[in-house]
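Enquirer: One structure, as structure tokens, below. Some questions next.
The values are calculated or read from the model by the stated rules, or taken from the named source; none is laboratory data. Since this is a predicted model, take the numbers as computed values, not measurements. Ideal geometry is used to build each Cβ from the backbone, glycine not excepted, and the neighbour counts take in all protein chains shown. Accessible surface areas use protein heavy atoms only, side chains included; no ligands, DNA or RNA. Shrake-Rupley method; radii C 1.70, N 1.55, O 1.52, S 1.80 Å.
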Amino acid sequence: MNDLYKSEAPRKSQRGQASLLNRRDFLGLGAAATLSLFGQRLAYAEPGKPIPESPGYGPLARVKDLTTGLPLIDLPEGFSYRSFGWSNDPMANGNPTPARHDGMAVVLEQDGILTLLRNHEIWNETGSFAPRELTYDSRAGGGVTRIRFDSKSGEWLDCVPALGGTMTNCAGGPTPWGSWLSCEEDLSSRGYGSRLKRDHGYVFEVDALGDTQPDPIKDMGRFLHEACAVDPESGFVYMTEDNDTSGFYRFLPNTPGKLKEGGRLQMLKARDNGRLRTESLPPGSRYDAQWVDIRKPDTAHQRRTHNSMGVFMQGYNDGGAIFRRGEGCIFANGKVIFACTTGGASGLGQIWAYDTKEESLELILESPGMEQLNHPDNLAASPRGGLLMCEDGGRNEQQLVAMTEGGELFTFARNQVVLDSQVNGIKGDFRASEWCGATFHGDWLFVNIQVPGITLAITGPWKDGLI
């Protein structure tokens, strides 16, 4: 069985630390452990054929939320959950919790108290929900909230704004030094009929302890950012792009761990095959990888063509590879695992792995049909092995789908949010809303349901080798 995975974990509190933690420190904290994932898995599977299935944790049944008493999701027997931070719930400052919960990660642990940073994928121009000192653009409605959870008692504690005045904060990723990279999936510009005061389409770094300066990291590019993953050894940041025609990028900082000091942006080039988005490729397909420089990372638009893919076209013109809707992205034992939500022959999703040592790219999963996997989006690693995929597709009831260490699939949870009476002024059927922001820490899985905007902490009888 190949070693493909070491679970991520946040550092202990070391405020002011600038240097990168080494791999052992980063992956050895909290719940991290040396794990294997996928093994001999799908290397010999035929394109379009069903992926082997696992019984997982057994059949799913409706389970009531320990916070509200509402039956919000289906889970296996023995699992329970607590909801928190619903849209419009009052935050610690008395203001309502913003809507559209998305990417999220645990970034800090202090004596069992976990700090999570959570994106809000809001694209309106109604103004910032954060105080002025944490606001980038006073007209923009997106941003990040900071929530705390007591992992010993299983109780949610509080929520406060962490970054405001950004647009369409979709996913992002945690850093080894205890911060969150929040990505704008939006290229809105000031002027041109909008009320915005700043340009958008950037990555922002949000500190776990509240020292965020709301400044974009422009050298990381201006494009439809989705997710980030940081290699704790090199400090390189790998990034996906959520567009039908998208690239896979990396940022080489001038000083590892200090992204705001600038660096170099590059796009992946797959030798012998530049079109990896729709072809029917067998899992196990491998390509040598190279990288081409993006010389003007802040060029979002090309004036001559009015094309919004200025960064992508720079890389593509130098041979960069085309993917389709790059989304979830995590770092795993020397590899960067990322999802292409509508990639593959079926258009239902691919999972790729880039080996940072061998500089090679491998396709590790392609959905053969909606019944098994429907548009994987955000990804999460379990400290017990396995990979969790948040679906964002066309199901009437969206699912959390897991892949075991052996490469088998099973459904872990199902969205059943139907609010017959109003909760915080919200009512309706939300079962088709996407899962997002999944992140593990020890015995807890934290995850969001984007609409109506709910954060869940799930726990139960976990088993090694599943998730």
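Enquirer: So, with +1 on the Cβ of K and R and -1 on the Cβ of D and E, and no other charges, what is the size of the charge dipole of the chain about its Cα centre, to the nearest 20 debye?
Expert: 840 debye
Enquirer: How big, in percent, is the set of alpha carbon pairs in the chain lying more than 42 Å apart? Show your work: numbers first, answer last.
Expert: On the way: 8748 of 108811 pairs.
Across the chain, Cα pairs with separations above 42 Å total 8 percent.
Enquirer: So in the chain, what percent of DSSP beta bridges are antiparallel if you round to the nearest 5?
Expert: Of the beta bridges lying entirely in the chain, close to 95 percent run antiparallel.
Enquirer: Taking 0.36 nm per residue of separation and subtracting the Cα-Cα distance, what length does fully extending Thr245 through Asn317 add?
Expert: Here the segment from Thr245 to Asn317 would lengthen by 24.6 nm.
Enquirer: Taking 41 Å as R0, compute the FRET efficiency from the Cβ-Cβ separation of Leu209 and Lys427 and round it to 0.05.
Expert: It comes to 0.65.
Enquirer: Now, a different point. Cα atoms only, the stretch 366-411: Rg and Dmax in Å?
Expert: 10.3, 30
Enquirer: Note down the relative contact order for the stretch 420-462 as a percent, whole number, built from C-alpha pairs under 8 angstrom at least six residues apart.
Expert: That works out to 28 percent.
Enquirer: What accessible surface, in Å², does a 1.4 Å probe find on Trp156, ignoring ligands, DNA and RNA and rounding to the nearest 10?
Expert: 30 Å²
Enquirer: Rounded, prolate or oblate: which one fits the stretch 288-403, using the alpha carbon gyration tensor with axes a ≥ b ≥ c (rounded when a/c is under 1.5, else prolate when a/b beats b/c, else oblate)? Mind dumping the intermediate values first?
Expert: Working: a/c = 2.32, a/b = 1.46, b/c = 1.59.
Oblate is the answer for the stretch 288-403, as a/c is 1.5 or above yet b/c matches or exceeds a/b.
Enquirer: Scan the stretch 51-114 for trypsin sites (Lys or Arg not before Pro) in coil per DSSP, keeping those whose Cβ has at most 16 other Cβ atoms within 10 Å, and list them by number.
Expert: Lys64
Enquirer: Rounded if a/c is under 1.5, else prolate if a/b beats b/c, else oblate: with a ≥ b ≥ c from the C-alpha gyration tensor eigenvalues square-rooted, which is the stretch 336-454?
Expert: The shape class here is prolate.
Enquirer: Measure off, as a whole percent, the carbon and sulfur share of the 1.4 Å-probe accessible area of the chain, all protein chains present.
Expert: With neighbouring chains kept in place, the figure for the chain is 44 percent.
Enquirer: On to the next question. Any chance you could list the semi-axes, whole Å, largest first, of the equivalent ellipsoid that the Cα gyration tensor gives for the stretch 117-181, using √(5λ)?
Expert: Here the semi-axes work out to 23, 13, 10 Å.
Enquirer: Could you tell me which residue out of Leu466, Gln290, Leu75 lies farthest along the dipole of the chain toward its positive end? Charges go on the beta carbon: Lys and Arg +1, Asp and Glu -1, centred on the Cα centre.
Expert: Gln290
Enquirer: Something else: Output the pairs from Lys269/Lys357; Lys152/Lys258; Lys152/Lys260; Lys197/Lys218 with a Cα-Cα distance over 26 Å in this structure; if there are none, say none.
Expert: Result: Lys152/Lys258; Lys152/Lys260 exceed 26 Å.
Enquirer: Hey, if you put +1 on the Cβ of every Lys and Arg and -1 on every Asp and Glu Cβ in the chain, which of Ser308, His375, Ala321 ends up farthest toward the positive end of that dipole?
Expert: Ser308
Enquirer: Can I ask one more? Extending each Cα 7 Å along its Cβ direction at Ser189 and Asp288, get the distance between those two points in nm, one decimal.
Expert: 4.0 nm
Enquirer: Counting only heavy atoms of the protein chains, get the accessible area per residue of the chain (1.4 Å probe) and round it to a whole Å² value.
Expert: Normalised by residue count, the accessible surface of the chain is 36 Å².
Enquirer: If I ignore ligands, DNA and RNA and count only protein heavy atoms, how much of Lys296 is accessible to a 1.4 Å probe, in Å² to the nearest 10?
Expert: 130 Å²
Enquirer: Could you give the alpha-carbon Rg of the stretch 159-245 over 2.2 N^0.38 Å, rounded to two decimals?
Expert: 1.10
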